[in-house]
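Below: one structure, written as structure tokens.
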Amino acid sequence: MARITVEDCLENVENRFELVMVGSKRARQLAVEGRSALLPEENDKPTVLALREIAEGLVDASILSVVQQEFTIDKAGEELVQDETCEVRDSPSFADSDPRNQPTIDTLPDEPTPSPQGTA
């Protein structure tokens, strides 16, 4: 495993700020989004792997301009949202938030009520 230097990476990006932006974006793609590595992983953490890919010229600033569409509005998506809503309502945690299931003054344990000041 060769050591990655900033100078190696700066040959493929414009400046250090862009290097940080591209490196962090690519590391998130590898770690969180499950994207495939472009180089052998060699037990490297996602950040090191991202910097290695930048140094090799496999990844550049073009990944910053990629727009990801997370939600689409269509009939199938609306049905999915409705199904998720039903699942939440059927879950036990929803029943706990129902005010009818909350303890009231009548169901609390008996405690002596303080007498008003001046009457004893």
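Structure values in brief
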{"quantity": "Residues located in segment 1-35, provided they are within 13 Å of Pro46 (Cα to Cα) and not in a loop (DSSP other than H, G, I, E, B)", "calculated": "Val22, Gly23, Ser24, Lys25, Arg26, Ala27, Arg28, Gln29, Leu30, Ala31"}
{"quantity": "Residue tally, condition over 19 Å from Ser65 (Cβ atoms), more than 18 Å from the chain's Cα centre (by Cα), surrounded by fewer than 17 Cβ atoms within 10 Å (Cβ to Cβ) and not aliphatic (A, V, I, L, M), over segment 17-46", "calculated": "6"}
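Read the figures in this text as sums done on the coordinates, not as results from a lab. This is a predicted model, so every value here is computed, not measured. Quick reminder, even Gly has a Cβ in these numbers, built from the backbone with ideal geometry, and neighbours come from all protein chains shown.
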